[in-house]
Amino acid sequence: MYRYRNVILAFLLSFGFYFSLGIQQVFSEETGPPLSIEPIYPENQETNTKGYFRLNVEPNQKQTIKVRITNNLDDDQRVTINKANGFTNPVGGMLYRETVDSPDSVLLDDAIKLVSYMTVDSEVIIKGKETVEVPVDITVPNIDSGTILGAIRFVTEGETDNESVEGEGGSANFVLKSETVHSIAIQLDLPNSITPDFSLGEAGFTLKGPSAYIEMKNDAQMIQEDISGEYRLEDSNGNELFQGEIPSFKMAPKTQIQYPFQWNYQTLEDGDYKLFVTADVNGNEVVAEEIFSIGNDEVEEYVERNQPVIPQGKTDNSNTNWLWMIVGAIILAGFMFWLGRRKK
């Protein structure tokens, strides 16, 4: 009997040690950033601006700026470098990409794209614990008014995870690659100011959210500051469904967005709706009253997307696995104890 007790005790102790070791590994992982990236400010940097380049420039000026990158890891890192234009995030603020393939955020046809006026290496390999300076060559376009906006993006790949999902048709394997992106904005301010040109456009509906939206356009080659306001949505009978406020935000030069308003009403039905928007743009009031329709197809698609999903096949739940292992250990211990008593 004592021999069986010793076997059970050894099993439980080893099980408990393995369990505690797993927890320790989870919480001891390194959380520091792999790279430290900072701009090296030139003489024509705007004095009170930190964290990105804001340069006072002249037409046709040629200039080289530098970005300092430090590899905080012991291993070498490959850093991919991308040039980016300045877009407006659909919910407000700046968005830096070379292109955005979505009507939610677009550059207008006559926008000055800074990507075409920058030259930089496409990648750099940084040795462990090494610091390098990456040069970026800029040629200012031949204009003397407004602001041009863009960025340099530094991309590093993280660890690769192999995942497997099982369903009715079998299992499917796929690879997840994580990446870290650091963006350094570049703002070129030309000598002369420019006249603001902000407007509200058509309203509509999108299943993303779902949301109603209004088109907002900044048609000037300048950053439009201090956009805020309020909105109200009514049905075809004039009943108010929901309303709210637009927090203050900025728009990048020569950009247009579809600004979304979350559908905060208990039902979604096909029909006609009217969206009222009053925007305050640097103290100037801009008003829009726009009618849009929601079709029956959109309602049906929304219902299908939001039906509860019943998982098929096997799911991987670590907490459940640990629970079953503990239950199995208890059952095994009880069986061994009973077997020992029986033989005695």
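The values are calculated or read from the model by the stated rules, or taken from the named source; none is laboratory data. Since the model is a prediction, treat every value here as computed from it, not as a measurement. Please note: Cβ atoms are built from the backbone with ideal geometry, for glycine as well, and neighbour counts cover all protein chains shown.
Quick grid of which residues meet (1) charged (D, E, K, R); (2) buried (at least 20 other Cβ atoms within 10 Å of the Cβ); (3) assigned by TED's automatic domain parsing to the domain that holds PRO247:
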| position | (1), (2), (3) |
| --- | --- |
| GLY86 | no, yes, no |
| PRO90 | no, yes, no |
| GLY93 | no, no, no |
| GLU98 | yes, no, no |
| VAL115 | no, no, no |
| MET118 | no, no, no |
| ASP121 | yes, no, no |
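The conditions of being within 28 Å of ASP110 (Cα to Cα) and either β-branched (Val, Ile, Thr) or crowded, with 19+ Cβ neighbours inside 10 Å (or both) are not met by ILE291. Does SER318 satisfy the condition of being loosely packed, with under 14 Cβ neighbours inside 10 Å and either at pLDDT below 95 or among the aliphatic types (A, V, I, L, M) (or both)? Yes, satisfied. Out of the residues in segment 17-72 that are at pLDDT below 95 and among the aliphatic types (A, V, I, L, M), state the one that is surrounded by the most Cβ atoms within 10 Å (Cβ to Cβ). It comes out as LEU35. The requirement of being modelled with pLDDT under 95 and either touching a strand residue (DSSP E or B) at 6+ places or on another chain (Cβ under 9 Å) or outside the structural domain of ASN56 (by TED's automatic domain parsing) (or both) is satisfied by THR180. From the list GLU166, GLU234, GLU230, the one residue that fits, being modelled with pLDDT under 95, acidic (Asp, Glu) and surrounded by 13 or more Cβ atoms within 10 Å (Cβ to Cβ), is GLU166. Taken over segment 246-267, the criterion of being under 19 Å from LEU114 (Cα atoms) and touching a Ser or Thr at 6+ places or on another chain (Cβ under 7 Å) is satisfied by MET251, ALA252, PRO253, THR255. Being part of a loop (DSSP other than H, G, I, E, B) and under 16 Å from the mean Cα position of the chain (by Cα) is the filter; apply it to segment 73-91 and report the residue that is farthest from ILE143 (Cα to Cα). Taking the candidates together, the pick is VAL91. Residues in segment 50-72 that are touching a residue at least 12 places away in the same chain (Cβ under 8 Å) and assigned to a loop (DSSP other than H, G, I, E, B): GLY51, TYR52, VAL57, GLU58, PRO59, ASN60, GLN61, ASN72. For segment 55-112, a tally of residues being hydroxyl-bearing (Ser, Thr, Tyr), out of contact with any Pro (no Cβ under 7 Å at 6 or more places or on another chain) and more than 15 Å from HIS182 (Cβ to Cβ) returns 3.
Number of residues in segment 196-218 that are part of a loop (DSSP other than H, G, I, E, B) and surrounded by fewer than 17 Cβ atoms within 10 Å (Cβ to Cβ) equals 5.
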